[in-house]
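A short write-up of the structure that comes next.
Derivation of every value follows stated rules applied to the coordinates shown; laboratory data play no part. From a predicted model like this one, the values you see are computed outputs, not experimental measurements. In this analysis, Cβ positions are derived from the backbone assuming ideal geometry, glycine residues included, and neighbour counts consider all displayed protein chains.
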Amino acid sequence: MVFWVFGYGSLVWNPGFDYDEKIVGFIKDYRRVFDLACIDHRGTPESPARTCTLEEKEGAICWGTAYCVRGGPEREKLAMQYLERRECEYDRKTIVTFFKEGDSQHPALTDVIVFTSTPDKVNNKYYLGPAPLEDMARQIATAYGPCGNNRDYLFLLEKAMHDIGHEDNLVIELANEVRKVLGVGNVLTNVATAQLPHPPHVSIPSRQLQPLPEPIVLDG
């Protein structure tokens, strides 16, 4: 038995489960967007974080990491149970084809699982949809939850994409806008955000966050 899962968000730097192999590569016709609410890890129901999901877009590519679990149904089951708890805001498991660098014509892997979300505010309570860059940055700069700050998630993703040699322009642009809100420089080493003040003490000038769409509630 072989189980493969593609990570494009926090799984890139923190898979959190036992795996046997890791491959850097990409999937086609998807792009990374920050359109999903997180209310139990990096945010709360009252102040949701923005985390990334995938948006279908013809011709786009999304870089990340594929993880393999071998050893039989029990190991696969344990990995999937962990991922389903962690990725609870994602309501879809999509099957994709995975490519390695240097060969965009011949798939390296098929039948790879990736967690995605329905882009529909009516049927998906976690879907926030797109927003202006400045508004997303203000939300990310101030949201935090049991697992830490929303800004840490973004800065760690920026560093992880840099480390695998495939930076994402949206991630960089959004991270720099968050740094602007926080009043720190546009330097990748500012990933050490633990030294920054917690969001309630951050001075955020000018516009306030716009109200977020309802309903966004915590599952029981």
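May I ask which of LYS28/LYS77; LYS22/LYS77; LYS93/LYS121; LYS57/LYS100 have a Cα-Cα span longer than 21 Å here?
LYS28/LYS77
Work out from phi, with θ = phi - 60° and the Karplus expression 6.51 cos²θ - 1.76 cosθ + 1.60, the ³J(HN,Hα) of each residue of region 107-113, listed in order in whole Hz, and give x for Gly and Pro.
Along region 107-113, the couplings run x, 7, 9, 10, 6, 8, 8 Hz.
Give me the one-decimal nm value for the distance between modelled label points at LYS57 and ARG31, 7 Å along each residue's Cα-to-Cβ direction.
Each label point lies 7 Å from its Cα, and together they span 0.1 nm.
Can you compute the label reach from PHE17? Point 7 Å from Cα along the Cβ direction, backbone N cut-off under 20 Å, restricted to region 114-144.
The answer is 114-118.
Arranged by the count of other C-beta atoms within 10 angstrom, fewest first, what order do LYS159, LYS28 take?
Ascending number of Cβ neighbours within 10 Å: LYS28, LYS159.
What number, in percent, do you get for the relative contact order of region 2-201 if the mean sequence gap of Cα pairs under 8 Å and at least 6 apart is divided by its residue count?
25 percent
Which ³J(HN,Hα) values in Hz, rounded to whole numbers, follow from the phi angles of region 140-145 under the Karplus curve 6.51 cos²θ - 1.76 cosθ + 1.60, where θ = phi - 60° and Gly and Pro get x?
Karplus values, whole Hz, x for Gly and Pro: 5, 5, 10, 6, 7, x.
Taking the dipole about the Cα centre of region 71-159, with the C-beta of Lys and Arg at +1 and of Asp and Glu at -1, give me whichever of PHE115, LEU157, GLN139 is farthest to the positive side.
So the residue we want is GLN139.
Say each of GLU74 and HIS106 gets a label point 7 Å from the Cα, pointing the same way as Cα to Cβ; how far apart are those two points in nm?
Label-label distance for GLU74 and HIS106, simple model: 3.8 nm.
Enumerate the lysines that LYS180 could reach by cross-link, defined here as Cα to Cα under 16 Å, with residues fewer than 8 away along the same chain left out.
List returned: none.
Suppose the chain between THR97 and VAL2 were pulled fully straight at 0.36 nm per residue; how much longer would it get relative to their current alpha carbon spacing?
32.7 nm
In cubic angstrom, how much convex hull volume per residue do the alpha carbon atoms of region 41-143 span?
Considering the Cα atoms of region 41-143, their hull volume per residue is 146 Å³.
For region 2-201, what is the charge dipole size about the Cα centre, in debye to the nearest 20, if Lys and Arg each add +1 at the Cβ and Asp and Glu each add -1 at the Cβ?
300 debye
What nm distance separates the two modelled labels at LEU170 and VAL24, each placed 7 Å from Cα along Cα→Cβ?
If labels sit at LEU170 and VAL24, their model points lie 2.1 nm apart.
Provide the per-residue ³J(HN,Hα) series for region 65-71, in order, calculated from phi with Karplus coefficients 6.51, -1.76, 1.60 and θ = phi - 60°, each as a whole number of Hz, with x at glycine and proline positions.
Whole-Hz 3J(HN,Hα) from phi for region 65-71: 9, 9, 10, 10, 10, 10, x.
In which sequence would LEU170, LEU109, LEU182 go, from the one with the fewest C-beta neighbours within 10 Å to the one with the most?
LEU170, LEU109, LEU182
At 10 °C and 1.306 mPa s, grab the translational diffusion coefficient of region 29-81 from Stokes-Einstein with a Kirkwood Rh over Cα pairs, rounded to a whole number in µm² per second.
It diffuses with D of about 116 µm²/s by this estimate.
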